[in-house]
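The values are calculated or read from the model by the stated rules, or taken from the named source; none is laboratory data. All values reported here derive from a predicted model rather than from experimental measurement. Note: ideal-geometry Cβ built from the backbone for every residue, glycine included; neighbour counts use all protein chains shown.
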């Protein structure tokens, strides 16, 4: 009985500690949504995608919120209110995107719907043994190539295009080991979008002997293990990170969190991200003006933290002994 009481008290302490974290995340998200309310018409597609992912995360959070006590219910009510605000602002923002850049909008229209994105059903951890022995000093490819390869998966590369097309060049580029920063995270994004689109044979024609047996899940673990190493190194210099490196740091957490690597949801990483928000404007990346991309990435990352800490908070889902 004594052991039961000790475990129960510890569980209660974790519960209230996580609720404090959830409060901080909700306050930050409210400010981020207020910024979007005001600036949604002026935010680029990348930024809007971040808010679309947040929409999916808030939908999941409000659906599965643990009904454990009054504070939890009031937090859930706050999240429901934010989701309603976000739904309205997203309608305005996506309409504006369609008007201002119809070609780019059409190419990425499938991912501008919260139903495209999913929240992890389970969690795993990265593997330090998968970290590259060396990393390139320059990116492996640029944004133009990334967009092209992704539109081939989405089927938006032309009107009524066939989806799930994997060219040899895209496959070889997106499976190249040793890529840094942007190209590393977008290798993961490529496989994420392929999986979410339901593309079954992304690696079918990969005949390289060194890659035999590697699956999409293997690549996700390899990439996130290296993104974890990158984030750990960046966090050592967190006080001096530039806006661009902050953006990469946050994006790594977002993407690897979305594919289920819970070790990215570190409390000290969350605390650092919260300090990067402009407390008045509600945006992120305000060294030389608000960054649409970083703000969208940041709020969707915070949505990931919210769902993770909700799952950690729900003591009814954990065995007592």
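On the basis of being outside any loop (DSSP other than H, G, I, E, B) and free of Cβ contacts under 8 Å to residues at least 12 places away in the same chain, does residue 107 make the cut? No; evaluated as a whole, the condition is false for this residue. When residue 63 is tested against the conditions (1) touching a residue at least 12 places away in the same chain (Cβ under 8 Å); (2) more than 21 Å from residue 31 (Cα to Cα); (3) in a helix (DSSP H, G or I), the lone failure is (1). Residue selection: residue 130 fails the criterion of being at pLDDT 95 or above, buried (at least 16 other Cβ atoms within 10 Å of the Cβ), out of contact with any helix residue (DSSP H, G or I) (no Cβ under 6 Å at 6 or more places or on another chain) and not assigned by TED's automatic domain parsing to the domain that holds residue 300.
Residue check, residue 210 against (1) modelled with pLDDT of 95 or more; (2) part of a helix (DSSP H, G or I); (3) over 16 Å from residue 223 (Cβ atoms), all met but one. Which one? Answer for residue 210: the failing condition is (1). If you go through segment 76-87 and keep only what is more than 17 Å from residue 22 (Cβ to Cβ), surrounded by fewer than 20 Cβ atoms within 10 Å (Cβ to Cβ) and touching a residue at least 12 places away in the same chain (Cβ under 8 Å), you end up with 85, 87.
Filter segment 156-170 down to the residues that are free of Cβ contacts under 8 Å to residues at least 12 places away in the same chain and under 12 Å from residue 107 (Cα atoms), then identify the one that is surrounded by the most Cβ atoms within 10 Å (Cβ to Cβ). Only one residue fits best here, namely 161.
Residue by residue through segment 256-273, note down the ones that are part of a helix (DSSP H, G or I) and crowded, with 16+ Cβ neighbours inside 10 Å.
The answer is 256, 257, 258, 262, 264, 269, 270, 272, 273.
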